[in-house]
Amino acid sequence: MIIAIAAIKGGVGKTTLTFCLAATLVHMGKTVLCIDLDHQGDLSAAVGVEKNSSEPDIGQILFAPKREQAKLFSQAIIEVSGGFHLITPGVNLGAYQTEIEKGLSSESRLKDAIDQFEAAFENYDYILLDTPKGESLFTKNALVACNKVIIPVQTEYFSLKNIPELLHLVSEIADRSNPDLEVSTIVPNRMKSTSLHKSIYEQLMEWDVRTYLGHQTHAAWVSPPIKDLTIYAELSAQAQSLYSYSGSKAEHRAPFLEIAKQLELSRTSELTREVQVVG
Ligand SMILES: Nc1ncnc2c1ncn2[C@@H]1O[C@H](COP(=O)(O)OP(=O)(O)OP(=O)(O)O)[C@@H](O)[C@H]1O
Ligand SMILES: [Mg+2]
């Protein structure tokens, strides 16, 4: 299952969520590949590697001719602390963006690359795509390539106003190129115990993404909130995972475990459906 972690707004917790979810899925015995699609390379930094650690990097893979992508993909994967695999963005992702946009099919380069690399589906239960802020080419590539979208939302005033922008993009991509694309989960992040935060959380619970997504039949699931705690910042600053860091407790892992379990339910039910169709 390919999952994009996306939000048009910056700094809402996309990378933190990707990092903690990947570690949680690995802890549950799942195989996970993360792709860092952000030129900032924050996900790479969070696991303690340089953003040019993959050779080739994701920019080179997306820029390469389709026939070469499978080979490049397999060469690019590195194993990182936390027990998952990673492809880093490289140092020239911005320059690659300009070149890719001059060519054809610029928004489906990642889908093409993953489709070419059959081992992606044999070797990994989950491929997690950490996206940059804004409507970048790489966010579009993630939405074209993925099955599901998870949206982290900071429980702050004004933070809800960016969700429709992302949902319009999802809707357009579903209409043009990825009809099964589904916003599966909304993750309230940086929750504090003030009345403002509680009221924003309640608004999120009432929010129905289908108002913006004509193609989607199921409502998105709103996960338990992730509290605003320095431990989540410490994890990435110290390149430690939720499962290796000494200060990490069960309560810090609990929301990620719930999100991972929910994903696993939907992944296994999709696998069962596929088996029935084949049978
Ligand atoms: N629940 C949380 N509690 C405390 N700090 C958090 C929490 N979630 C994220 N942070 C911190 O907030 C900052 C932004 O988080 P993060 O980098 O995950 O956001 P992002 O959406 O990936 O940002 P960008 O748009 O720049 O890629 C980081 O310093 C991170 O450590
Ligand atoms: Mg980020």
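The values are calculated or read from the model by the stated rules, or taken from the named source; none is laboratory data. Just so you know, these numbers come straight off a predicted model, no measurement behind them. Note that we place each Cβ from the backbone using ideal geometry, even for glycine, and neighbour counts take in every protein chain shown.
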Exercise. For the stretch 39-66, how many residues meet the condition of being part of a helix (DSSP H, G or I) and either free of Cβ contacts under 8 Å to residues at least 24 places away in the same chain or in contact with a strand residue (DSSP E or B) (Cβ under 7 Å, 6 or more places away or on another chain) (or both)?
Worked result: 3
Exercise. When the stretch 225-239 is examined, which residues are found to be within 12 Å of ligand 1 (Cβ to nearest atom) and either assigned to a helix (DSSP H, G or I) or of a type outside the set (D, E, K, R) (or both)?
Worked result: 225, 226, 229, 230, 231, 232, 233, 234, 235, 236, 237, 238
Exercise. Do you know which residues across the stretch 250-279 are modelled with pLDDT of 95 or more and either among the basic types (Lys, Arg) or over 30 Å from residue 181 (Cα atoms) (or both)?
Worked result: 250, 251, 253, 261
For this session: Output the residue which, of all residues in the stretch 199-223 that are part of a helix (DSSP H, G or I) and of a type in the set (A, V, I, L, M, F, W, C), is farthest from ligand 2 (Cβ to nearest atom).
Result: 205
Exercise. Residue 226: β-branched (Val, Ile, Thr), within 16 Å of ligand 2 (Cβ to nearest atom) and either under 17 Å from residue 16 (Cβ atoms) or modelled with pLDDT under 90 (or both), yes or no?
Worked result: yes
Problem set entry | Single residue of the stretch 246-267 satisfying the filter (of a type in the set (D, E, K, R) and in a helix (DSSP H, G or I)) that is nearest to residue 24 (Cα to Cα) | 253
Seminar exercise, completed: Only unsatisfied item for residue 90, checking (1) in a helix (DSSP H, G or I); (2) on the phi > 0 side of the Ramachandran plot, is (1)
Exercise. Where in the stretch 111-178 are the helices (runs of 4 or more DSSP H), entirely inside, with at least 3 residues that are hydrophobic (A, V, I, L, M, F, W, C), closer than 20 Å to residue 38 by Cβ and within 16 Å of ligand 1 (Cβ to nearest atom)?
Worked result: 137-145, 163-176
Problem set entry | Every pair of residues 6+ apart whose Cβ atoms lie under 9 Å, when the first sits in the stretch 207-235 and is exposed (fewer than 15 other Cβ atoms within 10 Å of the Cβ) while the second is among the small types (Gly, Ala, Ser) and part of a strand (DSSP E or B) | 218/184
Seminar exercise, completed: Note: among 110, 181, 143, 129, just one is closer than 30 Å to residue 71 by Cβ, buried (at least 21 other Cβ atoms within 10 Å of the Cβ) and free of Cβ contacts under 8 Å to residues at least 40 places away in the same chain, namely 181
